Amino acid sequence: MGTHPLLKVENVKKYFPVGRAVFGRSKQYVKAVDDVSFTIDVGGSLGIVGESGSGKTTLAKVILRLLEPTSGKVYLDGVDLFSLNNKELRKLRPKMQMIFQDPMASLNPRRKIMHIIGQVFKTHTSIGDVEIRERVVDLLEKVGLTPPELFLDRYPHELSGGQRQRVCIARAIALNPKLLIADEPVSALDVSVRGQIVKLLLEIYEKHIDEIAYIVISHDIALIKSLCKDTLVMYLGRVVEKGEVRRIIEEPLHPYSQMLISSIPVPDPEIARNRKRIPIGGEIPSLINPPKGCYFHPRCPYVMDRCREKTPSLINVDDRLVSCYLYSE
Amino acid sequence: MNDSRILEISDLKTYYYTSRGIVRAVDGITLDLKKGESLAIVGESGSGKSTLAFSIMRLLPDNARIVDGSIWLYPEKIDLVRLSNDEMRKVRGRRIGMVFQDPMTFLNPVMKVGDQIAEAIMYHHGCTQKVARKRAVELLERLRIPDASNVALRYPHQLSGGMKQRVIIAIAISCNPEILIADEPTTALDVTVQAEVLELLRGFIHELGMSLILVTHDLGIVAEICDKVAIMYAGKIVEIAETYSLYKSPKHPYTIGLLKAVPTVHKSSSEVGGIKGNPPDLVNPPAGCRFNPRCPYVFEKCLGEEPPLIRVNNDRAVACWLMM
């Protein structure tokens, strides 16, 4: 539908200095996120797909200001997040939540589920203990941990991986966030449990569609496809393609997207053995000394002289954005 | 037909003895592998698939024991379970090679990778170091590693994940084993690198006529390279079938659920299902069929009696009371 942009990300960069300089600043940087821009409307969902080292998680952490940006701007519902001081930011935290990859690592092992979720209300609201308990029970029901009374007094280690991820989801949606970021929400879970969590995430998204913007980060474009409408494809900190997930899977434009999609194993031998394969070569370059020009050029089967010189900018091609000279005059 | 058999496992049981009790990780597995065939063993974490692989290699931790069953290696029909450690050492590497999941933990961090490959060659062929090193470089070249003679002089930490995994593969195939066991060979790799390593593995198997046992949780990888698939659940094989027919018409409720549990690029999100509940605790597995607490079709018989693995047609066997 798209009424107004809920999240606006403008030219965000995050550089990490590497090496030690004796005096002054070190000269080398890892450009983990390099000039990323996008907007998400109310009710919109965006995937961020990329391999390890593509900067997808760093981008999420910068948007939430869990990491300080090098430059750029992020607006959530009109508020400039990077201009807020710590106190103001803390007030806004309930409105922007993240679900992490490893639920065991993001739950306090020494606290019971009641405390873990209840703490959200204690920190950010002034409601009393009795009501908090009611709210926690509601939330547990909402994420399918039923009967809730059975889970209130348990510790995280007493739950299975899938149940723990449900607790993390309950905590993230406790205060009706406007922005929900799920970072590899199923990759730490058993295969047979993944489907359940995908279903739950979809359910929650659909229930809150009038008020939420939703980001899912994954290396697996199939997961993104089942959860989001649009996606960014990232390679070494830069966006190489942006568009509807379904369309990118059907007809990837950027050579990296083509390679990524043709590399995904398909659990169907007929499709798997008869499809076209993109020849793969070369190594993923290091981010400390990235190649000049397009970062993908050392592995690209269509490389031209231009690609080695200058980085292609994102341009509109048909229904999407692509940064590749194959599509410019 | 039986002449083409290269490995036969019969009623194998491997248990772990822990402080919590006995974990029946592999609990009565029977299967066979033909020459040149590639077999996938698919299961979730804790299904016993890796324990099965490590049992064949006899590389089990101290608290694990093969309590029953045999692993026959053909054509001599020697039982690997009953070999002495010395005799087993001659089988390992030379006749059965293994590729491990995480290359960093299985490579020696303070030894050049070329020497690590050469070491295996020298041990099994008794050749000189010079010859072995030359052969190591040749192997790396065949695995499409650019500038192989230089790479051979590097240490594992200087190589990328994909390169390290190729070194592991080089060690595993250095002595032309008849059987290659690959335990989650690409789980630690990125998808684009994974595709490349799988391609290499597939090429080698065909070229050298090796048999492959691929242990994985990823049904996608299996569809790419295997002829036959065994699905494991809680220490048992629940279904074993030829790859095409397994994907086309899975029979066991667990296999059906597993194929639906993973989103794929060709499926719409409404087709993503999943299986309710969680995998069982192997110290106290459920009575009857081990899948019964999670099965949508459960009936009385499943609770009391364990279904045997029954051949339903030429290329398929299923352990489910629905099939009887």
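The label-point distance for B:Asp62 and B:Lys301, in a model that sets each label 7 Å from Cα toward Cβ, rounds to 4.7 nm. For B:Lys35 and A:Thr39, the FRET efficiency from 1/(1 + (r/R0)^6), where r spans their Cβ atoms and R0 equals 60 Å, is about 0.55. As a size descriptor, the averaged projected area of the C-alpha convex hull of chain A was calculated at 19.9 nm².
Stokes-Einstein diffusion for the protein assembly as shown at 4 °C, viscosity 1.567 mPa s, with a Kirkwood radius from C-alpha pairs, works out to 48 µm²/s. Calculated from the alpha-carbon coordinates, the range B:187-244 shows an Rg and a Dmax of 12.5, 35 Å respectively. Dipole check for the protein assembly as shown: with +1 at the C-beta of Lys and Arg, -1 at the C-beta of Asp and Glu, and the Cα centre as origin, the magnitude is about 1480 Debye.
The distance between label points at A:Ser286 and A:Leu175 comes to 4.3 nm (points 7 Å beyond Cα on the Cα→Cβ vector).
Excluding same-chain neighbours fewer than eight residues apart, the lysines reachable from A:Lys112 by a Cα-Cα span under 17 Å are A:Lys122. Counting Lys and Arg as +1 and Asp and Glu as -1, what is the net charge of the other residues whose Cβ lies under 13 Å from the Cβ of A:Lys229? Result for the local shell: 0.
Close amide-amide hydrogen proximity is noted between A:Val317 and A:Val322, each under 5 Å apart and 5 or more residues distant or on a separate chain (H modeled in the peptide plane; Pro and chain starts excluded).
Take the Cβ-Cβ distance between B:Glu138 and B:Thr105 as r, set R0 to 45 Å, and report the resulting FRET efficiency rounded to the nearest 0.05.
For B:Glu138 and B:Thr105, the calculated efficiency is 0.95.
The value obtained for the range B:253-324, namely the Cα convex hull volume divided by the number of residues, is 116 Å³ per residue. Rounded to the nearest 20 debye, the dipole size of the range B:216-324 about its Cα centre is 200 debye, using +1 on the Cβ of Lys and Arg and -1 on the Cβ of Asp and Glu.
With contributions of -39500 (n - 2.57) from each DSSP H run of at least four residues, the per-residue ellipticity at 222 nm computed over chain B stands at -9500 deg cm²/dmol. Here the calculated FRET efficiency for A:Leu84 and A:Arg246, from their Cβ-Cβ distance with R0 = 30 Å, stands at 0.25, rounded to the nearest 0.05. Note on chain B: Kirkwood hydrodynamic radius from all Cα pairs is 20.8 Å, rounded to one decimal. Checking the cross-link pairs B:Lys248/B:Lys276; B:Lys112/B:Lys164; B:Lys13/B:Lys164; A:Lys31/A:Lys178; A:Lys178/B:Lys260 against a 21 Å limit on the alpha carbon distance flags B:Lys248/B:Lys276; B:Lys13/B:Lys164; A:Lys31/A:Lys178; A:Lys178/B:Lys260 as lying beyond it.
Taking the C-alpha atoms only, the angle from helix A:129-142 to the longest principal axis of chain A is near 50 degrees. Here the 3J(HN,Hα) profile of the range A:255-272, calculated from phi with Karplus coefficients 6.51, -1.76 and 1.60 at θ = phi - 60°, is x, 5, 4, 4, 5, 4, 6, 6, 7, 5, x, 9, x, 7, x, 5, 5, 4 Hz, Gly and Pro shown as x.
With respect to chain A, whose longest principal axis is taken over its alpha-carbon atoms, helix A:191-207 is tilted by about 80°. In this Cβ point-charge picture (+1 for Lys and Arg, -1 for Asp and Glu), the range B:217-269 has a dipole of about 220 debye about its Cα centre. Which angle from 0 to 90°, rounded to the nearest 10, does the C-alpha axis of helix B:113-125 make with the longest principal axis of chain B? Orientation of helix B:113-125: about 80 degrees from the principal axis.
For A:Cys294, the accessible area of its heavy atoms, probed at 1.4 Å with every protein chain present, is near 20 square angstrom. Under 11 Å from a point placed 7 Å out from the Cα of B:Glu242 along the Cα-to-Cβ direction: which residues of the range B:291-324 have their backbone N that close? Backbone N within reach: B:314-316.
Per-residue ellipticity at 222 nm, computed for chain A from helices alone with -39500 (n - 2.57) per DSSP H run of at least four residues, works out to -9500 deg cm²/dmol.
Straight-line cross-link partners of B:Lys34 among the lysines, defined as a Cα under 20 Å from its Cα and at least 8 positions apart when in the same chain: B:Lys49, B:Lys77, B:Lys228. Could you tell me the distance between the Cα centroids of the range B:233-269 and the range A:69-118, to the nearest Å? The distance from the Cα centre of the range B:233-269 to that of the range A:69-118 comes to 38 Å. Viscosity 0.692 mPa s, temperature 37 °C: give me the Stokes-Einstein translational D for the range A:1-126 in µm²/s, with Rh taken as the Kirkwood radius over C-alpha pairs. Rounded, D is 194 µm²/s.
Shown here for the range B:8-52: trypsin sites (Lys or Arg not before Pro) in loop regions (DSSP other than H, G, I, E, B) with at most 13 other Cβ atoms within 10 Å, namely B:Arg20.
For the range A:219-324, the set of GluC sites (Glu not before Pro) satisfying both a DSSP loop assignment and a count of at most 14 other C-beta atoms within 10 Å is given as A:Glu283. The GluC sites (Glu not before Pro) found in the range B:50-142 that occupy coil by DSSP, while having at most 13 further C-beta atoms within 10 Å, are B:Glu76. Modelled this way, with points 7 Å down the Cα-to-C-beta line, the labels at A:Asp318 and B:Asn284 are 5.7 nm from one another.
The values are calculated or read from the model by the stated rules, or taken from the named source; none is laboratory data. Just so it is clear, the structure is predicted and the values come from calculations on it, not from any experiment. Because the Cβ atoms are built from the backbone with ideal geometry, glycine has one as well, and the counts that use them run over all protein chains shown. Remember, those area values only see protein heavy atoms, side chains included, never the ligands or the DNA or RNA. Shrake-Rupley method; radii C 1.70, N 1.55, O 1.52, S 1.80 Å.
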